[in-house]
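The values are calculated or read from the model by the stated rules, or taken from the named source; none is laboratory data. Predicted model, so just to flag it, every value in this text is computed and none were measured. No Cβ is skipped: glycine too gets one built from the backbone with ideal geometry, and neighbour counts run over all protein chains shown.
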Amino acid sequence: MAATMEALVVLEPNRVEIQQVPVPEPGPNEVLARVRAVSICGTDVHLVRGDYPGFWPPSFPFIPGHEWAGEIVAFGPGAERYGWKIGDRVAGTSHDACGVCQKCVEGRYNLCENYGKPGLHKQYGHNVQGADATYVVHGVKCIFPLPDALSFEVGAVIDPASIGLHVANRGAVAPGDTVAVTGAGAVGLLAGDAALVRGAARVIMVEPNPGRLARAAEMGFETVDARGEDPVGTVRAMTGGLGADVVLECAGVPVTVQWALAMLRRGGRCAAVGIPTVGVEVAMQRIVLDELELVGSRATAGEMRRVMPLVEQGRVRVADIITHRFPLADYAQALATLNDPASGAIKIIIVP
């Protein structure tokens, strides 16, 4: 193996460069994997822009990327004890939690109470180096066997598919529910499929981007064009004036959070996975009087394993949301494409 590799390095906000950097060495209970495909997440866009200063990442320069698939090529001390073999195909997720705090013991490792503490917690591509490179290091707790029937490209979108399932779980979607989804991006569309898996009778996508709205319609979802009509009034009209039983907020924009709460039926529940970068004003009076529920949904907490058979069966349609592919050397072009509303981009795959 060569001593150096190609990697995307964010030198400072809005300044990226492809560099040759040392191949990382896996530590205890970690593996080194050859990255075959990595997808661009909305969080990556914010990180490149510097929207979370001092947090994601803690400092620059930094290698982002956390939605990936590839093959194990080397073990750190002790990692081979867990049954992995060189050449195993894997899909990665980002949280390498401590495993011993109360939240980890309860299975909510995405809420690890030792988040970011050196030696106890890592979140790859967020607070430690990520997968936009030829090779990546990951702990054994956050790699999962990739079935032979799934390509590496599809494997690179298993993590957002698991996030879509997690937000549907946090929304407590029940059989027969009418579910509205604000934001028909990658996670929104996958969350729509997850809602159907959980038994939703209807899924309504609310989206202003015409390309994404068209893809949602092609996938069989009901759609609301947030540009040309009142999304709240339209969803209420589509539900006999009652509103949606559950709203999955997948856009992370202040106005979509307000829409999400306003289009809920009395006693309804909104699960929010989008992360606004500014504060949001919410209608507390209605939340109290109509007993609405607003819950957060962070990453994934065990859904990686559970979503893979759903992807294999075509019930969570990962391949349908992959719209563009670029080599790692063209990352800047890929990022510009994702940021261009006219490009039709939903999920972009990067090939190191």
Task: Hits in the range 159-173 (condition: among the aliphatic types (A, V, I, L, M) and crowded, with 24+ Cβ neighbours inside 10 Å) - done: Ala161, Ile163, Leu165, Val167, Ala168, Val173
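Quick one: which residue in Val187, Val224 is within 16 Å of Ile321 (Cα to Cα), crowded, with 19+ Cβ neighbours inside 10 Å and modelled with pLDDT of 95 or more? Lay out the reasoning, then the answer.
On the way: Val224 fails: within 16 Å of Ile321 (Cα to Cα).
Residue meeting the stated conditions: Val187.
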- [ ] Scan Pro53, Pro26, Pro58, Pro64 and give me the residue that is buried (at least 16 other Cβ atoms within 10 Å of the Cβ), under 24 Å from the mean Cα position of the chain (by Cα) and part of a loop (DSSP other than H, G, I, E, B).
- [x] Pro64
Task: Selection from the range 105-140 of residues that are farther than 18 Å from Trp56 by Cα and part of a helix (DSSP H, G or I) - done: Val105, Tyr109, Val140
Task: Some residue of the range 158-179 being out of contact with any strand residue (DSSP E or B) (no Cβ under 6 Å at 6 or more places or on another chain) and of a type in the set (Asp, Glu) - done: no
Open item on the list: Going through Glu229, Glu207 one at a time, which residue ends up being surrounded by fewer than 24 Cβ atoms within 10 Å (Cβ to Cβ) and not aliphatic (A, V, I, L, M)?
Closed with: Glu229
Open item on the list: Restricting to the range 14-66, name every residue that is closer than 27 Å to Ala3 by Cα, out of contact with any strand residue (DSSP E or B) (no Cβ under 9 Å at 6 or more places or on another chain) and among the small types (Gly, Ala, Ser).
Closed with: Ser59
Task: helices (runs of 4 or more DSSP H) enclosed by the range 165-270 - at least 3 residues per element that are free of Cβ contacts under 8 Å to residues at least 40 places away in the same chain - done: 210-218, 231-238, 254-262
TODO: Please work out which one of (1) in contact (Cβ under 8 Å) with a residue 24 or more places away in the chain; (2) farther than 24 Å from Asn110 by Cβ; (3) of a type in the set (S, T, N, Q) is the condition Thr277 fails and give its number.
DONE: (2)
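Are there strands (runs of 3 or more DSSP E) fully within the range 285-352 with at least 3 residues that are under 16 Å from the mean Cα position of the chain (by Cα)? List them.
Because the criterion is at least 3 residues that are under 16 Å from the mean Cα position of the chain (by Cα), the strands (runs of 3 or more DSSP E) in the range 285-352 that meet it are 347-351.
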Open item on the list: For Gly119, only one of the following conditions fails: (1) touching a helix residue (DSSP H, G or I) at 6+ places or on another chain (Cβ under 8 Å); (2) under 23 Å from Phe55 (Cα atoms); (3) small (Gly, Ala, Ser). What is its number?
Closed with: (1)
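Could you tell me which of the residues Ala69, Ala2 is buried (at least 23 other Cβ atoms within 10 Å of the Cβ) and of a type in the set (A, V, I, L, M, F, W, C)? It would help to see each step written out before you state the result.
Working: Ala2 fails: buried (at least 23 other Cβ atoms within 10 Å of the Cβ).
Only one candidate passes the filter, namely Ala69.
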Task: Residue list for the range 117-150, filter: surrounded by fewer than 18 Cβ atoms within 10 Å (Cβ to Cβ) and without any contact (Cβ under 8 Å) to a residue 40 or more places away in the chain - done: Lys117, Pro118, Gly119, Leu120
